Amino acid sequence: MRPSIVGIPSGSGRFWSAASVWPEKYAHAQDSGGARTDQISSELLKLLAQALGGPSRTRYRCPSSSKPGSFYTLEANSTDITCTCPGFEYRGMCRHARELQNSLVKKGALPAGYEPL
């Protein structure tokens, strides 16, 4: 079996661990508490992948007030909201982002015309 760097995705959605790359070498490895290190490593790698993956993103769309029939896409993560409207691209903030942010902070209903994608 060809060795791989620990923590690199295997291509099948799983992460390689030292124990899966060299099973004969780590077959009896245990931590001081008696738990198998390959199980611990697998759990830690999953948590690390979630942390490095960044916050989850939610996308919304809202209608343009100046161009009937046009829509803008907003993307919200845990700390930021972006919008595809010209105002946001120019100023870094817009009415759409403020309205969505206020509704998300208050955990209320989405503003009129806004819908999740």
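The values are calculated or read from the model by the stated rules, or taken from the named source; none is laboratory data. Being a predicted model, the structure only gives us computed values, none of them experimental. Glycine also receives a Cβ, built like all others from the backbone with ideal geometry; neighbour counts cover every protein chain displayed.
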Hey, any hits in the range 34-55 for a residue that's under 22 Å from GLU115 (Cβ atoms) and at pLDDT below 95?
yes
What number of residues within the range 69-98 satisfy the criterion of being surrounded by 13 or more Cβ atoms within 10 Å (Cβ to Cβ) and touching a strand residue (DSSP E or B) at 6+ places or on another chain (Cβ under 8 Å)?
15
Would you say LEU100 is touching a residue at least 40 places away in the same chain (Cβ under 8 Å) and in a helix (DSSP H, G or I)?
yes
